[in-house]
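Single-structure report; data block below.
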Amino acid sequence: MATSRRHFFGQAAAVSAGVALTSPAVEAIAAVDAPGPGLVEVAFKVNGERRKLSADPRVTLLDALRERLQLTGTKKGCDRGQCGACTVHVDGRRVLSCLTLTATLQGKEVTTIEGIADGDELHPVQRAFIDHDGFQCGFCTSGQIMSAVEVVEEREVRTDDQIREAMSGNICRCGAYPNILDAIKQAKKGRP
């Protein structure tokens, strides 16, 4: 019996989906909830709140934040550390959460986009991004803001070129770079 092209591609897609669903990365995420051998216990603070997780050692901070802690403001962009959409702070330094293993966070403090405002009072960088329309589609915005918070606090970053260089790890596919630059300059004016 001859197999049609449509039938062949349908079977290939089904097989691919089955392989993808049983890949080690998917198993690592699923295993975060299941106690058992090979898991590590990790206790750390997230946005000021103590959290404790049992996690497969391969689970990234990005996946733990989004899948386990339901903090979905941190975005999964490239999942390779190239776009900056997943930027968070660990012990006051910006890191790419897609490249940070949850198992390395014992005793550390993580701050996400959900944790930088003071109640209903926006962080000055968040306010500046709104004032200067420093976002368009909004997908990269949380990572841009988390990086910008650190850039604003870095005293040696003063000129437009220095700001651009400091923000070069964050990609905006919409091209809102001039607005982001203006937002950072506004936020820096409020700093000593």
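Any read-out appearing in this document is the output of simple, stated calculations on the displayed coordinates, not a laboratory observation. If you're wondering where the values come from, they're calculated on a predicted model, not measured in any experiment. Backbone-built Cβ (ideal geometry, glycine too); neighbour counts: all protein chains shown.
Across segment 124-189, C-alpha contacts under 8 Å between residues 6 or more apart give a mean separation that, scaled by the residue count, equals a relative contact order of 52 percent.
Orientation-averaged projection of segment 27-115 equals 5.1 nm² [convex hull of Cα atoms, one quarter of hull surface area]. Near the amide H of residue 60, within less than 5 Å, lie the amide hydrogens of 102, all on another chain or at least 5 residues away, with H placed in the peptide plane. Computed from phi, the 3J(HN,Hα) profile of segment 173-188 under the Karplus parametrisation 6.51, -1.76, 1.60 (θ = phi - 60°) reads 6, 7, x, 7, 4, x, 5, 5, 4, 4, 5, 5, 4, 5, 5, 5 Hz, with x in place of Gly and Pro. The listed peptides 179-188, 100-109, ordered by packing as a protection proxy, come out as 179-188, 100-109 (highest mean of other Cβ atoms within 10 Å first). Computed from backbone phi, the HN-Hα couplings of segment 153-161 come to 7, 7, 5, 6, 8, 10, 7, 4, 5 Hz, rounded to whole numbers (Karplus: 6.51 cos²θ - 1.76 cosθ + 1.60, θ = phi - 60°; Gly and Pro given as x).
Excluding residues on the same chain fewer than 8 positions from residue 185, give the aspartates and glutamates whose Cα lies under 15 Å from its Cα. Output for residue 185: 131, 133, 150, 153, 154, 156, 160, 161, 165. Neighbours of residue 139, meaning other residues whose beta-carbon lies under 11 angstrom from its beta-carbon, give a summed charge of +3 when Lys and Arg score +1 and Asp and Glu score -1. Considering every alpha-carbon pair of segment 124-189, the percent of pairs per 10 Å bin, from zero through the bin containing the longest distance, is 25, 63, 12, 0.
Each residue of segment 38-46 was assigned a 3J(HN,Hα) from its phi angle through the Karplus expression (A = 6.51, B = -1.76, C = 1.60, θ = phi - 60°), giving x, 8, 10, 8, 10, 10, 7, 9, 10 Hz with x at Gly and Pro. Amide H contacts for residue 51 (H built 1.01 Å from N in the peptide plane; partners 5 or more residues away or on another chain; cut-off under 5 Å): 44, 45, 46.
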